[in-house]
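Structure, as structure tokens:
The values are calculated or read from the model by the stated rules, or taken from the named source; none is laboratory data. Computed from a predicted model, the values in this text were never measured in an experiment. Note: ideal-geometry Cβ built from the backbone for every residue, glycine included; neighbour counts use all protein chains shown. What goes into the accessible areas is simple: the full protein's heavy atoms, side chains included, and nothing from ligands, DNA or RNA. Shrake-Rupley method; radii C 1.70, N 1.55, O 1.52, S 1.80 Å.
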Amino acid sequence: MASLFILTILISFLLSPIAALPLAIESRAVSQTLLDQLSFYEQYAAAAYCPANNSPGSTTAITCEAGNCPLVQTAGAQSVLEFQDVGISDATGYVALDHTNGLIVISFRGSRSVRNFIADINFALVPWSICTGCSAHAGFLESWQSVRSIVQGAVEGARVAYPNYKIVSTGHSLGGALATLAAADLRKGGYTIDLFTYGSPMVGNRLLATFITGQTSANFRVTHAQDVVPKLPGYAFGFAHVSPEYWVTSATGVAVTSNDIQVSSGVVNFKGNQGTLGNSIDDHLWYFNNISGCGGDTLEFKE
Ligand SMILES: *[C@@H]1O[C@H](CO)[C@@H](O)[C@H](O)[C@H]1NC(C)=O
């Protein structure tokens, strides 16, 4: 498995000059307001790693024992749905209401073992009827579909009660992949949902990435430095990425300023994280803070 992983990286690298499309960096900085948003929703993604926030039956205040979601705690966010280890891929996360900011937030946890997740990630694409010619990563799609009805039910209930609230889907790593598929699917069903992902792998083929990119709600695909996970499963295997990318260039452990975020677009894009030669797990685990700080390292993602 490790050798497949190395092969992916090698092939992606070798193909990069010929696969690159004409793309530009749109901006070498973002506004302070956008930085604040990216940093805020990261805390909702971080909170999905904390077991108390995804224990079924306990719809409670969202808190992070690792201390990495203070803004969410201050907002007094409360879950309306918590789910844990659903389906063969152990989909885990919550849906929360934030009355301070007028939000309905869907958040998915990443894998408890990032190393196993990286080593075991496979390349299987399966057709997804959401759009013509579209395919999604088989394991990610199965995982999303295992919780689709309960998540949609919670979101619908919240929307009926709070029709003016903004709906946001978020997650880190595998959780970012699930957040992307959730947003795509629920938008297709008529919801307006902004998407904030952190270190998400690629979720499907070019047609799917193009379809999601073109949906009317906003996409914020955040990557960090030389994070290895957004490079997987790999453009070389027919995968592509939701656009645009917000590439955080500051070092792991260092506070992010608005000047540290470069924006670039394209479903095949080498202007951001993908253009880096390194493959870092440390960079994967640091998005504004220690994003998986609540997570243990016991479970692995099963496909
Ligand atoms: C992040 O949190 C995990 C789990 O608490 C801990 O093991 C790790 O050392 C932390 N990493 C950093 C960079 O603080």
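Some observations on this one:
- Residue that is surrounded by the most Cβ atoms within 10 Å (Cβ to Cβ), among those in segment 64-97 that are of a type in the set (S, T, Y) and touching a strand residue (DSSP E or B) at 6+ places or on another chain (Cβ under 9 Å): Y94
- Residue ID - farthest from P230 (Cα to Cα), chosen from residues in segment 98-117 that are hydrophobic (A, V, I, L, M, F, W, C) and crowded, with 23+ Cβ neighbours inside 10 Å: I104
- Residues of segment 243-275 that turn out to be more than 16 Å from the ligand (Cβ to nearest atom) and in a strand (DSSP E or B), as a count: 7
- Residue-level check: of (1) open to solvent by 10 Å² or more (accessible area, probe 1.4 Å); (2) within 16 Å of the ligand (Cβ to nearest atom), N205 misses just (2).
- The C-beta contact set for segment 153-181 (first residue surrounded by fewer than 15 Cβ atoms within 10 Å (Cβ to Cβ), second residue in a loop (DSSP other than H, G, I, E, B), distance under 7 angstrom, 6+ apart or interchain) comprises N164/G102.
- Meets criteria (surrounded by fewer than 16 Cβ atoms within 10 Å (Cβ to Cβ) and modelled with pLDDT of 95 or more) for A61: yes
- So D282, is it open to solvent by less than 30 Å² (accessible area, probe 1.4 Å), among the acidic types (D, E) and either closer than 21 Å to S111 by Cβ or at pLDDT below 95 (or both): no
- Only a single item in (1) surrounded by fewer than 24 Cβ atoms within 10 Å (Cβ to Cβ); (2) touching a Ser or Thr at 6+ places or on another chain (Cβ under 6 Å) is not met by G199, and it is number (1).
- Every residue from segment 174-198 that is hydrophobic (A, V, I, L, M, F, W, C) and assigned to a strand (DSSP E or B): I193, L195, F196
- The set of residues in segment 276-286 being part of a loop (DSSP other than H, G, I, E, B) and within 16 Å of the ligand (Cβ to nearest atom) consists of I281, D282, D283, H284, L285.
- Unmet requirement for V222, which otherwise passes all of (1) within 20 Å of Q32 (Cα to Cα); (2) open to solvent by less than 30 Å² (accessible area, probe 1.4 Å); (3) of a type in the set (A, V, I, L, M); (4) within 16 Å of the ligand (Cβ to nearest atom): (4)
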